[in-house]
Amino acid sequence: MELQRTLVFIPTYNEREHVEKICEGIQDLNLGCDILFIDDHSPDGTGDLLEQLSSRYGNVTVKHRFGKLGIGSAHLDGIAYAYDHEYEILITMDCDFTHSPEDIPRFLASSEDCDLVVGSRFLQAGSLADWNLYRRGLTILGHFLTRRLLELPGDASGAFRLYRLNRIPRSVFDLVTSRGYSFFFETMFLLKANGASIGEVPIILPRRTYGHSKMTLHEVLHSASYIFQLSLMSYATPERFLCRRVSVQLNPSLVDPQNWDAYWDGHTESSVSVYTIIAGFYRRLVIKRNLHRFIRDTFPSGSRLLHAGCGSGQVDGNLHRDMRITAVDISPKALDLYSRNNPDASRIQHASLFDLPFPDSTFDGIYNLGVMEHFTSNEVSRIFQECHRVLKPSGKILLFWPHRRASSVLVLKFVHFFLHKILNRNTKLHPDEISLLSSRAEADRILQEAGLVLFDYHFGIRDLFVQAVLIAGRPDSNAQSSLIHSGDPSERNGDA
């Protein structure tokens, strides 16, 4: 392997007895690599000794921080330094000889085919044999949880690693929120989510190191709870973990009076709300399946579709394989999430539904989910007029419009009552639903006012009685709904 610009990073706190030996051990390998120490203001004089080593060795750099800011925070600073100074390979390790410098060449050899190489305590028989029962139990439990809940392929909690920075986008590390020991499994989780290949090198941790562990019981409990949180969020809001994006050009003149950015911010925070998680599960388990069925039954393969008010786009997914989808929304936060969830989208546009930036008769079809109920009747009419304009004569509109007597409406009313009246919390889960649909007759009337014709109407058990599904089109269209219906016939064409 041709030697590339390599940095070995070691965080320190009260490591005066180890820093000189670990530095010399790395120098003896004659790898031509640089060494970075970041010290968290160690009271035992570690920082002063590191300055002496920096004077002695030209390839040693020392950074001092003003206090103990967390092991994950130190690693993020080390990673940022490596990117800033254009290193291609970054090796991270502990200072107390928990990790042996002699293993570094094996990491380098394994990195030819992997973006991340981790030192594993679970590959070599007897690697945990000398550990006490408490430490061994914690390590095995952590390994079990990260493998089962996060589906991580390797030893996710160790600091002995090699990152191929020339293959890993820096933006992946911008998504990291952990500043403690949970940094290690969170970074592996994010790298895996963004397509990084992961390899392992077997290592053995000597018994003498566990007396020096700086991991407290609080850190253990926090890490365990964060594993469960990541597992939930990865299913309910997977877009927050992705750095892949489609380019979106924003229009600074657009103003969103409903402040949807505040709502979609909840999908990118390190700790999302229970409502966001439940909504995410419902979208993926119920709405997505229902949408895909109606899309494929309503529009022929290859159709050019407009997702008008796209939101996060969790439900679009593999529709892009069959359809050419253009997504629009007025919220930049929503568009950012959509671009992460849908890197194969044909186009993502920052736009208002009242003024769609497309020529007349552009699209074969238009669809949206849970949009119309947030607008007044006059605003809904204006939106439909714009849809009429950009829809081809033979095109159709597919709308998922929450019903006034929907199960979700009843649940949200109860939740808001509980939050406002019982807990005295002025919490608003999303902008007001001011135009819920009450019947097929109302849908027919609203569409007719915009010059559209209602072809079909559904409200039933398929989505747990949440949204009425409308299929409409221009009056000059000869196309009629060719849906294949199954299940309870009361789901179709109901007036309720």
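Since every read-out is calculated from the coordinates, none of them should be taken as a lab result. All figures in this text were calculated on a predicted structure; none of them were measured in a lab. We place every Cβ from the backbone using ideal geometry, glycine too, and count neighbours over all the protein chains shown.
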Can you tell me the Rg and Dmax of segment 6-236, counting just the alpha carbons, in angstroms? 16.8, 52
Can you list residues whose amide H is under 5 Å from His99's amide H, if they're 5+ apart or on another chain and H is modeled 1.01 Å from N? Asp94
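What are the semi-axes of the equivalent ellipsoid of segment 245-491, taken as the square roots of 5 times the eigenvalues of the Cα gyration tensor, listed largest first and rounded to whole Å? Don't skip to the answer; put the middle values down first.
Details: eigenvalues 141, 99, 65 Å².
Equivalent ellipsoid of segment 245-491: 27, 22, 18 Å, largest first.
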Measuring from its Cα centre, segment 6-236 shows a charge dipole (+1 at each Lys and Arg Cβ, -1 at each Asp and Glu Cβ) which, in debye to the nearest 20, is 760
Quick one: if the Förster radius is 51 Å, what FRET efficiency do Tyr282 and Leu217 give, using the C-beta to C-beta distance and rounding to 0.05? 0.90
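For the chain, give the magnitude of the charge dipole about the Cα centre (Cβ charges: +1 Lys/Arg, -1 Asp/Glu; no others), in debye to the nearest 20. Walk me through the numbers on the way to the answer.
Details: 52 positive and 58 negative charges, 294 e Å.
Taking the Cα centre of the chain as origin, the dipole is about 1420 debye.
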Charge-dipole axis of the chain as Lys and Arg at +1 and Asp and Glu at -1 on Cβ define it, positive-most pick from Val328, Gln229, Tyr457: Tyr457
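Remind me, relative contact order of segment 245-491 in percent, using alpha carbon pairs under 8 angstrom and six or more residues apart?
That works out to 19 percent.
With the alpha-carbon atoms as the only input, what is the per residue convex hull volume for segment 56-162 in Å³?
Values: hull volume 17.3 nm³, N = 107.
Convex hull volume per residue, Cα atoms: 162 Å³.
About its Cα centre, how strong a charge dipole does segment 300-356 have in debye, to the nearest 20, once Lys and Arg get +1 and Asp and Glu get -1 at the Cβ? Don't jump to the answer; show the numbers that get you there.
Numbers: 6 positive and 6 negative charges, 23 e Å.
The calculated dipole for segment 300-356 is roughly 100 debye.
What does the extension gain come out to for His85 and Lys63, with contour length at 0.36 nm per residue minus their alpha carbon separation? Walk me through the numbers before you get to the answer.
Values: separation 22, 0.36 × 22 = 7.92 nm, distance 1.40 nm.
Length gained between His85 and Lys63: 6.5 nm.
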Where trypsin sites (Lys or Arg not before Pro) fall in DSSP loop in segment 408-454, at most 16 other Cβ within 10 Å: Arg425, Lys428
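How many percent of the alpha carbon pairs in the chain exceed a separation of 38 Å? Working shown, then result.
Numbers: 49581 of 122760 pairs.
Beyond 38 Å sits 40 percent of the P(r) for the chain.
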Here the relative contact order (percent) of segment 345-436, from C-alpha pairs under 8 Å and at least 6 apart, is 36
Identify, among Thr139, Pro202, Asn318, the residue whose Cα sits farthest towards the positive end of the charge dipole of the chain, taking +1 on the Cβ of Lys and Arg and -1 on the Cβ of Asp and Glu, with the dipole about the Cα centre. Asn318
In the chain the DSSP beta bridges are antiparallel at a rate, in percent to nearest 5, of 35
Which of the aspartates and glutamates could be linked to Lys63 by a straight reach, that is with a Cα gap under 15 Å, when you skip same-chain ones fewer than 8 residues away? Glu15, Asp34, Asp39, Asp40, Asp48, Glu51, Asp77, Asp84
Dipole axis of the chain (+1 Lys, Arg; -1 Asp, Glu on Cβ), positive-most option in Thr298, Gly32, Tyr263: Thr298
Estimated distance in nm for a label pair at Asn30 and Ile434, the labels positioned 7 Å out from Cα along Cα-to-Cβ: 7.7
Phe417-Phe228 pseudo-label distance in nm [points 7 Å out on the Cα-to-Cβ vector]: 3.0
Partner lysines for Lys413 [C-alpha distance under 20 Å; skip if fewer than 8 residues away on the same chain]: Lys421, Lys428
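Sum -39500 (n - 2.57) across every DSSP H segment of at least 4 residues in the chain, then divide by the residue count to get the 222 nm mean residue ellipticity, nearest 500. Could you put the intermediate results ahead of the total?
Details: 15 runs with 163 residues, N = 496.
Taken over the chain, the calculation gives -10000 deg cm²/dmol.
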Two pseudo-spin positions, 7 Å from Cα along C-beta at Asp265 and at Ser346, lie apart in nanometres by 3.4
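Tell me the net charge near Val380. Cut-off is 13 Å between Cβ atoms, Val380 excluded, with +1 for each Lys or Arg and -1 for each Asp or Glu.
Details: positive: Arg382, Arg445; negative: Glu373, Glu379, Glu386, Glu433, Glu442, Glu449.
Within the 13 Å Cβ shell, the charges total -4.
For Asn318, what is the net charge nearby, where nearby means another residue's Cβ is under 14 Å from its Cβ and Lys, Arg count +1, Asp, Glu -1?
Details: positive: Arg284, Lys288, Arg289, Arg293, Arg296, Arg321, Arg324; negative: Asp316, Asp322, Asp344.
Net of charged neighbours comes to +4.
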